[in-house]
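*Asks:* This is the structure I have questions about; it appears just below.
The values are calculated or read from the model by the stated rules, or taken from the named source; none is laboratory data. Predicted model only: the values in this text are computed from it and were never measured. Backbone-built Cβ (ideal geometry, glycine too); neighbour counts: all protein chains shown. What goes into the accessible areas is simple: the full protein's heavy atoms, side chains included, and nothing from ligands, DNA or RNA. Shrake-Rupley method; radii C 1.70, N 1.55, O 1.52, S 1.80 Å.
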Amino acid sequence: MAVFTPENRVVIAKISAVYGVKGWVKVHSFTDPMSNFFNYRDVYFCKSGKWQRAEFDECKAHGKGIVGHLKGVDDRDVAATYCGLELSVAEAQLPALTGGEFYWHQLVGLKVATVYAVSEPVLLGEVKQLLETGSNDVLVVGKCPESLDDKERLIPYVPEQFIKDINLESGLILVDWDPEF
């Protein structure tokens, strides 16, 4: 079992709303596919500043989402106090990836530099978040202290076309993106 600490946590889902009147909640899974959420046993949340294990005594797919019942929570009003809480696991619980694959949390905070029509890479900023758009994911690149300007850029995560290289060790993503765009 992987040891959970707030420092090594990865958010895999969020409790989004109550479901019914008997203490059930809706869970929005960030895993792909959504059903991978069911593979995690040691899930935690932080409530009132205290990390606690999320113990679901029942959890199931429902429509396009997930609903679950937290052990000991049998009232809608009590369940509502859990809405908005992020559900996290220890990073070591995540499945190993094959070459060229990355988890989103690995990309957030990396510097982004463009090689578009320049002899040396030009720093555009750093990855603030990623967006899922349906056709492809998008890097949201914002200002960092050393960046070219204050622009926020939305760069499609399309390897080989726009994403040229990702180096986790150096903390840098090279992109082919017009710095004026």
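*Asks:* Which residue, chosen from SER135, ASN167, PRO156, occupies the Cα position most advanced towards the positive end of the dipole of the stretch 133-181, where the dipole is computed from +1 (Lys, Arg) and -1 (Asp, Glu) charges on Cβ about the Cα centre?
*Replies:* Result: SER135, furthest along the dipole toward the positive end.
*Asks:* How far apart, in nm, are the 7 Å Cα→Cβ label points at SER48 and LYS22?
*Replies:* 2.6
*Asks:* May I ask you to compute the full-extension gain from ARG41 to ALA92, defined as 0.36 nm times their residue separation minus their alpha-carbon distance, rounded to one decimal in nm? Mind dumping the intermediate values first?
*Replies:* Details: separation 51, 0.36 × 51 = 18.36 nm, distance 1.26 nm.
Gain in length upon complete extension: 17.1 nm.
*Asks:* Let me ask something else. Per the helix-only calculation at 222 nm, which mean residue ellipticity applies to the chain, given -39500 (n - 2.57) for every DSSP H run of n ≥ 4 and division by its residues, nearest 500 deg cm²/dmol?
*Replies:* Values: 2 runs with 9 residues, N = 181.
Per the formula, -1000 deg cm²/dmol.
*Asks:* What part of the accessible area of the chain, given as a whole %, is carbon or sulfur when the probe is 1.4 angstrom? Spell out each step's value before the answer.
*Replies:* On the way: 5390 of 10620 Å².
Looking at the chain in its full context, I get 51 percent from C and S.
*Asks:* Pull up all non-local amide H partners of HIS62: gap of 5 or more, or a different chain, and H-to-H distance under 5 Å with H placed in the peptide plane.
*Replies:* VAL67
*Asks:* May I pose another question? Could you order the peptides 12-21, 149-158, 92-101 from most to least packed, using the average number of other C-beta atoms within 10 Å per residue? Mind showing how you got there, number by number?
*Replies:* Working: 12-21: 17.8, 149-158: 15.1, 92-101: 9.4.
Peptide ranking by packing, descending: 12-21, 149-158, 92-101.
*Asks:* A follow-up question, please. State to the nearest 20 debye the size of the charge dipole of the stretch 68-107 about its Cα centre, where the only charges are +1 on K and R beta carbons and -1 on D and E beta carbons.
*Replies:* Rounded to the nearest 20 debye, it is 60 debye.
*Asks:* Can you give the extra length, in nm with one decimal, that the chain gains between LEU130 and GLU160 once fully stretched, where that is 0.36 nm per residue apart less the Cα-Cα distance?
*Replies:* Values: separation 30, 0.36 × 30 = 10.80 nm, distance 1.79 nm.
Full-extension gain reported as 9.0 nm.
*Asks:* Same structure, new question: Would you list which aspartates and glutamates come within 13 Å of LYS14, measuring only between C-alpha atoms, while excluding same-chain residues fewer than 8 positions from it?
*Replies:* GLU86
*Asks:* Let me ask something else. Which whole-number value in Å² is the accessible area per residue of the chain, probe 1.4 Å?
*Replies:* Working: 10620 Å² over 181 residues.
In whole numbers, the chain has 59 Å² accessible per residue.
*Asks:* Taking the Cα centre of the chain as origin, sum charge times position over the Cβ atoms of Lys and Arg (+1) and Asp and Glu (-1), and report the length of that vector in debye to the nearest 20.
*Replies:* Working: 18 positive and 26 negative charges, 191 e Å.
Charge dipole of the chain: 920 debye, to the nearest 20.
*Asks:* So, one more: Convert each backbone phi in the stretch 13-23 into a coupling constant with the Karplus relation 6.51 cos²θ - 1.76 cosθ + 1.60 (shift: θ = phi - 60°), then list the ³J(HN,Hα) values in order as whole Hz, x for Gly and Pro.
*Replies:* Going residue by residue, I get 6, 9, 7, 9, 6, 7, 9, x, 10, 9, x Hz, with x marking Gly and Pro.
*Asks:* Report the one residue of GLY99, ALA13, LEU123 whose Cα lies farthest in the direction of the positive end of the charge dipole of the chain (charges on C-beta: Lys and Arg +1, Asp and Glu -1; origin at the Cα centre).
*Replies:* My answer, from the dipole projection, is ALA13.
*Asks:* Pairs LYS47/LYS151; LYS22/LYS64; LYS50/LYS128; LYS60/LYS164: which are spaced more than 31 Å apart, C-alpha to C-alpha? Could you put the intermediate results ahead of the total?
*Replies:* Details: LYS47/LYS151 35 Å; LYS22/LYS64 21 Å; LYS50/LYS128 26 Å; LYS60/LYS164 40 Å.
Pairs exceeding the cut-off: LYS47/LYS151; LYS60/LYS164.
*Asks:* How far apart, in nm, are two points set 7 Å out from the Cα along the Cα-to-Cβ line at ASN8 and at GLU58?
*Replies:* Each label point is offset 7 Å from its Cα along the Cβ direction, giving 3.4 nm.
*Asks:* May I pose another question? Here are several values of Rg and Dmax of the Cα atoms in Å: [x] 21.4, 69; [y] 19.4, 63; [z] 17.3, 56. Which one was derived from the coordinates shown?
*Replies:* [y]
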